[in-house]
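One structure below.
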Amino acid sequence: MNSIFVRIYGGILVALLIIGAATYVGVDLINQYRAGQYRERMAEGTFFLLGEGLREQSGADRAEWLREMSRRLGASLRIHPGADLSLTYRERLHLDEGRVVIREHRESERITVLYHVPGGDDYLVTSLERLSEQQARLKAVAPEQRAQSLARLVPYFGFPLSLAEWGEVGLDEEQYQRLDRNEMVLLLTDSTRRDATLYLYVPIPRDHRVLVLGPMTLFDPFPWELLVIASLLALCLVALSTYLQVRPLQTRLRHLERAVKRLGGGDLTAHADVRGGDSIGQLAATFNGMTAHIRRLIHAQREMTRAVSHELRTPVARLRFGLEMLADSESAEARRERLDALDRDIDQLDQLIDEILTYARLEQGTPTIDFQPVYLVEVCEQLRGELDTIRGDIVIEVEGDRTLAVDGDPRYLHRILQNLVTNALRYAQARILMTIRLEEGGERVVLEVDDDGSGIPEHQRERVFKPFARLDQSRHRASGGYGLGLSIVKRIVDWHGGEVRVLESDWGGARFQVILPREQQRQHVLGR
């Protein structure tokens, strides 16, 4: 994914999915814990009363009491010693604190309720199916079992307890009739509201009063407090995921910014250490290429300045010397000879300036090249004819398939051959060979120029492509050239996406080998 938008959007989307799943699992686990606490709290008061009643029983009375409570409850009440229950650390801790422990059974809807009977090691155990209904029965029998003050019982219940006069409870006629029949009345407030509550009215025998249990708040799986906490956590996680997505991009931009500031301050060695295939990585690569190109241009300019000053010194010195000799010439014939020598020096100076301007123009940047098929054998033969007047006794030969073409610019390819062959003419003794062939694989074309001269030492073969480089120290016209021809060749070959080498020819001289791609894109600029 090279698009920054796709990367950030995809990362945030994945983060939201993970956060949503984690939030759902987290809320579900919290609700399971809250539901367990809710059931334990609602049952705690009733089992406290049962435990108090059981503690007052002894011997056969205890067994009879358990049977009576089991009958009224509709579930079996049993007494177990603590060693038989395999209690966990949490369960033992809660039971020792006088709280109720509820065990859920995944294979069925039944639950097991455990309560530690005060004053001993006995535990009251029962198995229920519907906790709410059977728990209500326990609340109903409690007032009949004990005549304790409500103030003492309230701390053990998860809801209020109160006594109300018969006519103060505000029930309808049918509900009052149920109280007359000694039946409890269950009243639910508006169930469409989130804060719906439950009231339980239990008639007290032989007393014209009613025991009111409630209001009992129904379990709400999504209270606003939990939703607020979950929302805040989700927002924090979204912010964290967004930060983790944006931070690498920000860090890379800062690296690029520091590199730009260094370059702006004059540090040409500035380099942006930023990688990647996205827009930032491409921008950093372009910046690094730009700084490298600037360094190369400045280095070339410095070399050019030093070399030009050195190269111009020789013809200028000869001109000055020639003018002095001209002034001392007495005869017209001597003056004519001096003028001819000055004219040749001026021609040489003009050629040097032309070479310098050509190299400087090529160093300004890579041009847009209109590639087209070029038949190199035809270019070689054309060049052989152009050099016929200056080759002297040296034989120039051409070998290769006339139908073999390469994508390139005809002007620049002609300049490559011209510079290589004229360079070979300076050192060849009797023979020059231009060869065109197809490289193994058929994807590149090889152009070779061989001569039978003295050759080039291996340790100096890379140096010949540097501007104004000469392997010999002579500066007179017999050696020829200004050390720019091969530099121009190297630059043009680079533009065509090829490579140039110096080898040893089969005749003992030098072999310049140019390898070019056979096919290239049309109308493109090469970043060389």
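The values are calculated or read from the model by the stated rules, or taken from the named source; none is laboratory data. Because the structure is predicted, anything quoted here is derived from the model rather than measured. We place every Cβ from the backbone using ideal geometry, glycine too, and count neighbours over all the protein chains shown.
Would you mind stating whether Ala43 is in a helix (DSSP H, G or I) and modelled with pLDDT of 80 or more? No. Output the residue which, of all residues in segment 66-102 that are in contact (Cβ under 8 Å) with a residue 40 or more places away in the chain and β-branched (Val, Ile, Thr), is farthest from Gly119 (Cα to Cα). Of everything passing the filter in segment 66-102, Ile102 is farthest from Gly119 (Cα to Cα). Can you find a residue in segment 123-132 that is in a strand (DSSP E or B), among the polar types (S, T, N, Q) and either modelled with pLDDT under 75 or closer than 20 Å to Phe48 by Cα (or both)? Yes: one or more hits. Just one of the listed residues (Glu91, Glu68) is at pLDDT 75 or above, more than 23 Å from Thr217 (Cβ to Cβ) and surrounded by 15 or more Cβ atoms within 10 Å (Cβ to Cβ), and it is Glu91.
Exactly one residue among Ile30, Ile102, Ile19 is of a type outside the set (Ser, Thr, Tyr), surrounded by 12 or more Cβ atoms within 10 Å (Cβ to Cβ) and more than 30 Å from Phe159 (Cα to Cα), and that residue is Ile19. Just to be sure before I move on: is Glu97 at pLDDT below 80, surrounded by 11 or more Cβ atoms within 10 Å (Cβ to Cβ), acidic (Asp, Glu) and under 19 Å from Thr46 (Cα atoms) in the structure I sent? Spelling it out, it is not the case that Glu97 is at pLDDT below 80, surrounded by 11 or more Cβ atoms within 10 Å (Cβ to Cβ), acidic (Asp, Glu) and under 19 Å from Thr46 (Cα atoms). Residues that are of a type in the set (Lys, Arg), within 17 Å of Gln372 (Cα to Cα) and out of contact with any helix residue (DSSP H, G or I) (no Cβ under 9 Å at 6 or more places or on another chain) within segment 413-450 comprise just one, Arg444.
Could you please tell me which pairs satisfy a Cβ distance under 6 Å, a separation of 6+ or placement on different chains, a first residue in segment 367-388 that is part of a helix (DSSP H, G or I), and a second residue that is of a type in the set (Val, Ile, Thr)? Within 6 Å, the pairs are Leu376/Ile436; Val377/Ile436; Cys380/Val398; Glu381/Val398; Arg384/Ile396. Take the conditions without any contact (Cβ under 8 Å) to a residue 60 or more places away in the chain and in a helix (DSSP H, G or I) and apply them to Gly10. Does it pass? Criteria met by Gly10. Within segment 105-121, restricting attention to residues that are at pLDDT 80 or above and of a type outside the set (A, V, I, L, M), the residue that is surrounded by the fewest Cβ atoms within 10 Å (Cβ to Cβ) is Thr112.
Here segment 33-52 is the region considered, the condition is being among the small types (Gly, Ala, Ser) and surrounded by 19 or more Cβ atoms within 10 Å (Cβ to Cβ), and the residue that is nearest to His116 (Cα to Cα) is Gly51.
Within segment 189-201, the set of residues being farther than 14 Å from Gly170 by Cα and either of a type in the set (A, V, I, L, M) or at pLDDT below 70 (or both) comprises Asp190, Ser191, Thr192, Arg193, Arg194, Asp195, Ala196, Leu198. Could you tell me whether segment 260-274 includes any residue that is in contact (Cβ under 8 Å) with a residue 60 or more places away in the chain and either closer than 30 Å to Gly289 by Cβ or touching a strand residue (DSSP E or B) at 6+ places or on another chain (Cβ under 9 Å) (or both)? No, the conditions are met nowhere in segment 260-274.
Cβ-Cβ distances below 6 Å connect no pair with a first residue in segment 335-349 that is not assigned by TED's automatic domain parsing to the domain that holds Phe321, a second residue that is surrounded by 16 or more Cβ atoms within 10 Å (Cβ to Cβ) and hydroxyl-bearing (Ser, Thr, Tyr), and a separation of six or more residues or different chains. Applying the condition of being touching a helix residue (DSSP H, G or I) at 6+ places or on another chain (Cβ under 6 Å) and of a type outside the set (A, V, I, L, M, F, W, C) to segment 243-256 and asking which residue is modelled with the lowest pLDDT yields Gln245. Filter segment 220-259 down to residues that are of a type in the set (Ser, Thr, Tyr) and either in contact (Cβ under 8 Å) with a residue 60 or more places away in the chain or in contact with a strand residue (DSSP E or B) (Cβ under 7 Å, 6 or more places away or on another chain) (or both) and give me whichever is surrounded by the most Cβ atoms within 10 Å (Cβ to Cβ). Here the answer is Ser241.
Can you pull out every residue in segment 404-432 that is closer than 17 Å to Glu381 by Cβ and aliphatic (A, V, I, L, M)? Correct list: Leu404, Ala405, Val406, Leu413, Ile416, Leu417, Leu420, Val421, Ala424, Leu425, Ile432.
Among Leu171, Leu211, which is assigned to a loop (DSSP other than H, G, I, E, B) and at pLDDT 75 or above? Result: Leu171 is the single residue among Leu171, Leu211 that is assigned to a loop (DSSP other than H, G, I, E, B) and at pLDDT 75 or above.
Yes/no per residue for (1) hydroxyl-bearing (Ser, Thr, Tyr); (2) modelled with pLDDT under 75:
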position: Thr291; (1), (2): yes, no
position: Arg296; (1), (2): no, no
position: Arg313; (1), (2): no, yes
position: Met325; (1), (2): no, no
position: Ala334; (1), (2): no, no
position: Ala341; (1), (2): no, no
position: Asp347; (1), (2): no, no
position: Leu352; (1), (2): no, yes
position: Arg361; (1), (2): no, yes
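If you go through segment 418-447 and keep only what is basic (Lys, Arg) and either not in a strand (DSSP E or B) or not assigned by TED's automatic domain parsing to the domain that holds Glu504 (or both), you end up with just Arg426. Any residue at all in segment 396-411 that's in the same structural domain as Glu448 (by TED's automatic domain parsing), assigned to a helix (DSSP H, G or I), within 25 Å of Gly442 (Cα to Cα) and touching a residue at least 60 places away in the same chain (Cβ under 8 Å)? Within segment 396-411 (the criterion being in the same structural domain as Glu448 (by TED's automatic domain parsing), assigned to a helix (DSSP H, G or I), within 25 Å of Gly442 (Cα to Cα) and touching a residue at least 60 places away in the same chain (Cβ under 8 Å)), the answer is no, since none of the residues qualifies.
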